[in-house]
Amino acid sequence: MGHDEDYANEQTQNLRDEQPQDLRTERTQDLRDERAQDLRDEQTQDLRADGTPGTPGAATGTDSAARRDQAVRAAVEQGVVGPTAPVAGLLDVAGIRASAAALRAAFEAVTPPGTPVLHAFAVKATPLVPVLRLLRSAGIGAEVASPGELALARAAGVPPAETVLDSPAKTPAELREALALGIAVNADNPQELARIDAMIQSAPTGSPVGVRVNPQIGGGSIGALSTATSTSKFGVPLRDEGAREWVIQAYLDRPWLTRLHAHSGSQGMPLEMMVRGVGATYELAEEINERVGRRQIDTIDIGGGLPVNFGSDEESPTHAQYARRLKSRVPGLLDGRYGLVTEFGRSLLAKHGTVLARVEYAKQAGGRPIAVTHAGVQVATRTVYAPASWPLRITAYDTKGRPKAGPAVGQDVAGPACFAGDLLAENRPLPLLEQGDYVAALDTGAYYFAHHYSYNSLARPGVYGFSAHAEEVRFAAVREPQTLDAIVAEAGGGAERDALRHL
């Protein structure tokens with residue numbers, strides 16, 4: 001694991017070194033501004049969420065932790081996990097609903113009544129149809145970036161008017177389908193826009209269409225996720241020579257271009273940098289509308305990428321903090337003249353998911369205890385391969401699913417895959433884990449158990465939503481555990497099993 005940590009740190013430093021000096025200076029100032037603004041937010045923010053004045057729908061960390069403990073015990077008692085089902089993903093339905101309500105309330109609080117606002121969930125974060133249906137019922141649409149994600153959104157009943165298609169590699173078939181359905185499309189580059197030109201000429205569309213731009217404000221602490229660097233693959237790079245004027249001319253030539261899109265946020269990005277990226281996009285929209293002489297751009301898509309706190313149960317930063325920051329720094333964006341689209345994913349789901357796994361064996365090597373579990377690279381790929389960037393909190397439960405007591409002992413929490421680095425945690429202080437105990441990997445509701453990695457042909461675990469009321473916990477299957485027959489079929493074990501022998 002040391003090699004992975006060195007690599008992740010090296011990539012982060014390389015990204016910083018590659019940024020021009022002015023971007024590094026701006027980022028340092030952003031961090032100073034953010035710390036100052038956070039202090040002001042802390043003085044004014046009311047953390048209550050029970051219907052009294054405060055942020056509607058926001059769940060406290062204490063509430064979610066209590067529900068999680070209750071659900072873990074119930075999962076063991078009801079056989080959701082156990083000797084024959086040694087790993088599962090759990091989703092807190094109340095927490096998801098609360099986050100969706102808090103997001104909507106956050107932007108309602110900073111926009112005039114009647115301002116069109118679409119919150120489109122980034123389907124890539126948790127591509128599970130029941131989750132998308134739950135969010136749909138809470139007033140959240142869908143942002144999709146592939147034919148598969150669009151199919152999931154449609155299966156979940158998300159209407160075209162509440163769907164946004166992004167992707168840097170849209171095929172003609174994808175574009176034709178989206179334009180025929182009336183789905184909003186953000187063109188990533190000049191060649192894609194030329195394709196759309198030809199399609200619209202032959203078949204007019206009701207789809208809102210815009211261009212994605214890259215403000216090139218620099219990267220965050222995780223290089224692989226930074227979408228607004230000078231060499232990012234996404235969007236039209238605004239600081240490149242001639243690019244800004246090309247974008248303006250594209251709108252002058254196409255009266256049907258009515259949206260502008262940028263996505264500057266990602267895990268590891270300070271809020272002030274995100275706000276600066278949104279501000280640059282707003283300024284471009286203003287310039288385009290002034291040059292055109294009318295309000296041609298009527299909607300700005302600010303993307304998502306709000307970072308998540310993986311260090312505690314506290315939800316920080318919040319959507320409300322971000323919305324207030326935008327209102328303070330980019331007031332014209334939220335004065336009602338523009339419709340708004342957001343594309344949050346991780347910040348809506350991460351805190352409400354838990355990977356729960358049984359300890360199959362407890363052993364020692366070199367004097368260090370090792371708990372061998374059934375949760376590893378197949379459900380926590382990013383954490384295993386880049387632990388410095390994606391550390392997870394781990395909690396220990398006893399054989400009955402109760403929080404485990406005892407002195408903290410440094411120990412490894414290992415997964416089932418056949419390579420040495422398959423570790424959820426290394427030398428982590430926890431009550432000493434024993435055979436038959438359980439471990440929970442927290443904050444895994446997005447980009448974890450919903451994104452199975454088939455190393456060693458390990459089966460996809462079951463995913464279950466839960467609701468906790470008083471002493472009762474109810475579970476509903478979101479995705480059933482994968483069967484061995486399904487693994488064989490996906491590996492070409494059906495009618496095609498003899499295909500190579502006949503060549």
Item to check | residue 105 hydrophobic (A, V, I, L, M, F, W, C), crowded, with 19+ Cβ neighbours inside 10 Å and in contact (Cβ under 8 Å) with a residue 12 or more places away in the chain | outcome: no
Next on the checklist: If a residue must be closer than 18 Å to residue 362 by Cα and in a loop (DSSP other than H, G, I, E, B), how many such residues does region 379-401 contain?
Outcome noted: 4
Checklist outcome for this item: Among 206, 148, the single one that is outside any helix (DSSP H, G or I) and either surrounded by 15 or more Cβ atoms within 10 Å (Cβ to Cβ) or modelled with pLDDT of 95 or more (or both) is 206
Checklist entry - Which of (1) at pLDDT below 90; (2) surrounded by fewer than 20 Cβ atoms within 10 Å (Cβ to Cβ) does residue 228 not meet, given it meets every other one? => result (2)
Next on the checklist: Take the residues in region 159-169 that are touching a helix residue (DSSP H, G or I) at 6+ places or on another chain (Cβ under 8 Å) and open to solvent by less than 10 Å² (accessible area, probe 1.4 Å); name whichever of them is farthest from residue 194 (Cα to Cα).
Outcome noted: 163
Checklist entry - Does any residue of region 67-88 turn out to be under 16 Å from the mean Cα position of the chain (by Cα), open to solvent by less than 20 Å² (accessible area, probe 1.4 Å) and at pLDDT 95 or above? => result no
Item to check | Residue match in region 152-161 (condition: modelled with pLDDT of 95 or more, within 22 Å of residue 211 (Cβ to Cβ) and among the β-branched types (Val, Ile, Thr)) | outcome: no
Checklist entry - Counting residues that are surrounded by fewer than 21 Cβ atoms within 10 Å (Cβ to Cβ), which strands (runs of 3 or more DSSP E) fully inside region 424-500 reach at least 3? => result 462-469, 472-479
Next on the checklist: Suppose the filter is modelled with pLDDT of 95 or more and in a helix (DSSP H, G or I); does residue 113 pass it?
Outcome noted: no
Next on the checklist: Checking the structure you have, find out if any residue of region 266-285 is more than 21 Å from residue 331 (Cβ to Cβ) and among the basic types (Lys, Arg).
Outcome noted: no
Checklist entry - Going by the structure shown, is residue 407 open to solvent by 40 Å² or more (accessible area, probe 1.4 Å), farther than 18 Å from residue 91 by Cα and under 18 Å from the mean Cα position of the chain (by Cα)? => result no
Next on the checklist: Please determine whether any residue of region 289-302 is assigned to a loop (DSSP other than H, G, I, E, B), in contact with a helix residue (DSSP H, G or I) (Cβ under 7 Å, 6 or more places away or on another chain), in contact (Cβ under 8 Å) with a residue 40 or more places away in the chain and within 17 Å of residue 188 (Cα to Cα).
Outcome noted: yes
Checklist entry - Right, residue 275: outside any loop (DSSP other than H, G, I, E, B), of a type in the set (Val, Ile, Thr), surrounded by 23 or more Cβ atoms within 10 Å (Cβ to Cβ) and at pLDDT 95 or above or not? => result no
Checklist entry - Hey, any hits in region 340-350 for a residue that's open to solvent by 10 Å² or more (accessible area, probe 1.4 Å), in contact (Cβ under 8 Å) with a residue 24 or more places away in the chain, closer than 21 Å to residue 89 by Cβ and over 23 Å from the mean Cα position of the chain (by Cα)? => result no
Checklist outcome for this item: Checked region 293-308 for anything open to solvent by less than 40 Å² (accessible area, probe 1.4 Å) and over 20 Å from residue 329 (Cβ atoms); matches are 296, 308
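In this structure, is residue 158 in contact (Cβ under 8 Å) with a residue 12 or more places away in the chain and assigned to a loop (DSSP other than H, G, I, E, B)?
yes
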Checklist entry - How about region 248-271: which of its residues are surrounded by fewer than 22 Cβ atoms within 10 Å (Cβ to Cβ) and either under 21 Å from the mean Cα position of the chain (by Cα) or not hydroxyl-bearing (Ser, Thr, Tyr) (or both)? => result 248, 249, 250, 252, 253, 254, 255, 256, 268, 270
Checklist entry - Hey, among 424, 500, 458, which residue is hydrophobic (A, V, I, L, M, F, W, C) and under 20 Å from residue 71 (Cβ atoms)? => result 424
Checklist entry - Any idea which residue in region 303-351 is nearest to residue 278 (Cα to Cα), counting only those that are among the aliphatic types (A, V, I, L, M) and assigned to a loop (DSSP other than H, G, I, E, B)? => result 330
Item to check | residue 194 being surrounded by fewer than 14 Cβ atoms within 10 Å (Cβ to Cβ) and in a loop (DSSP other than H, G, I, E, B) | outcome: no
Checklist entry - of a type in the set (Ser, Thr, Tyr) and modelled with pLDDT of 95 or more, is that true of residue 258? => result yes
Item to check | Members of region 238-247 that are open to solvent by less than 30 Å² (accessible area, probe 1.4 Å) and outside any loop (DSSP other than H, G, I, E, B) | outcome: 243, 247
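The values are calculated or read from the model by the stated rules, or taken from the named source; none is laboratory data. Please read all numbers here as calculations on a predicted model, not as lab measurements. Every residue, glycine as well, gets a Cβ built from its backbone with ideal geometry; the counts of neighbours run over all protein chains shown. Ligands, DNA and RNA are stripped out before the accessible areas are found, and what is left, the full protein with its side chains, is counted by its heavy atoms. Shrake-Rupley method; radii C 1.70, N 1.55, O 1.52, S 1.80 Å.
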